[in-house]
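Trainee: This is the structure, below, for whatever I ask next.
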Amino acid sequence: MEVRVLTKQLTTDLVQIQRAGEKQRSENQRFRQWLRRRNFAEQRLKAIAQEVEEAVDCTACGNCCRVATTQISERDAERLARYLGMRLAEFLRDYTVESAEEGRILKRNENGCVFLEGNTCSVYDARPNTCELFPHMVKGNGSLVSRMWHMPDRAVYCPIVFNTLAEWKRETGFEK
Ligand code: SF4
Ligand code: SF4
């Protein structure tokens, strides 16, 4: 994959990102629709996202685990139950809830995900698939454009998404 030098210093301040991400929400929605109507090199955009991912230290952030809910599949639940040495039914009772909109999700407390300790995931080696793929810019299910749906929301709290969208706009010549 071609390596590209990022065009500017990355923004990692979460307060600044929240403010700017909210301000850019409608622009980011327009960008998503704009991308859908164009042919662009998906590999090129993924390479840029990869570069941003490598430049951002997730262990110093952990904001997605504080802010976003986490959907889990049956396979995720079985793996986590095994990892924690619990029966599946016990695991589901103690660590998950059914949500009307999202299906089964991990329980949350005042700090975010029930498995978050400081900025670190206490079940990292058995974390759900969606956590492994997050923020779904480099890796994920379906095409990059189909995964763009959630990006305006994620740009408000995730430094990787916020900075990648800025780089993608420059790369594609998107007119704001
Ligand atoms: S399981 Fe781990 S990585 Fe996933 S949201 Fe919870 S703390 Fe974060
Ligand atoms: S994926 Fe984004 S929000 Fe989550 S820890 Fe990494 S930079 Fe922070």
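The values are calculated or read from the model by the stated rules, or taken from the named source; none is laboratory data. This structure is a prediction, so every number in the text was calculated from the model and none was measured. Glycine gets a Cβ as well: all are built from the backbone with ideal geometry, and neighbour counts include every protein chain shown. With ligands, DNA and RNA removed, areas are computed over all heavy atoms of the protein, side chains included. Shrake-Rupley method; radii C 1.70, N 1.55, O 1.52, S 1.80 Å.
Trainee: What pairs can you find where one residue is in region 165-176 and touching a residue at least 40 places away in the same chain (Cβ under 8 Å), the other is aliphatic (A, V, I, L, M) and assigned to a loop (DSSP other than H, G, I, E, B), and their Cβ atoms are less than 7 Å apart, with a gap of 6+ or different chains?
Mentor: Hits for this filter: LEU165/ALA155; GLU167/LEU6.
Trainee: List the helices (runs of 4 or more DSSP H) inside region 23-127, counting only whole elements, that have at least 1 residues being open to solvent by less than 40 Å² (accessible area, probe 1.4 Å), within 15 Å of ligand 1 (Cβ to nearest atom) and farther than 30 Å from THR172 by Cα.
Mentor: 74-84, 88-95
Trainee: Continuing with the same structure: Checking HIS136 against (1) within 16 Å of ligand 1 (Cβ to nearest atom); (2) under 21 Å from ARG25 (Cβ atoms); (3) assigned to a helix (DSSP H, G or I), which single condition isn't satisfied?
Mentor: Checking HIS136 against (1) within 16 Å of ligand 1 (Cβ to nearest atom); (2) under 21 Å from ARG25 (Cβ atoms); (3) assigned to a helix (DSSP H, G or I), the one that fails is (3).
Trainee: Can you tell me which residue within region 139-176, out of those that are assigned to a loop (DSSP other than H, G, I, E, B) and under 16 Å from ASN63 (Cβ atoms), is most open to solvent (accessible area, probe 1.4 Å)? Outline the logic, then answer.
Mentor: Of the residues in region 139-176, the ones assigned to a loop (DSSP other than H, G, I, E, B) are 139-143, 155-158, 173-176.
Filter once more, keeping what is under 16 Å from ASN63 (Cβ atoms): 155-158.
Values: ALA155: 1, VAL156: 15, TYR157: 33, CYS158: 11 Å².
Going through the qualifying residues, I end up with TYR157.
Trainee: Which of (1) touching a Gly at 6+ places or on another chain (Cβ under 6 Å); (2) open to solvent by 50 Å² or more (accessible area, probe 1.4 Å) does LEU133 not meet, given it meets every other one?
Mentor: (2)
Trainee: In addition: Name the one entry in ARG75, ARG66, ARG93 that is within 16 Å of ligand 2 (Cβ to nearest atom) and of a type outside the set (Gly, Ala, Ser).
Mentor: Values: ARG75 fails: within 16 Å of ligand 2 (Cβ to nearest atom); ARG93 fails: within 16 Å of ligand 2 (Cβ to nearest atom).
Going through ARG75, ARG66, ARG93 in turn, just one is within 16 Å of ligand 2 (Cβ to nearest atom) and of a type outside the set (Gly, Ala, Ser): ARG66.
Trainee: When GLY118 is evaluated against the numbered criteria (1) more than 11 Å from ligand 2 (Cβ to nearest atom); (2) within 27 Å of ARG38 (Cα to Cα), which criterion, by number, is the only one it fails?
Mentor: So GLY118 meets the others, but not (2).
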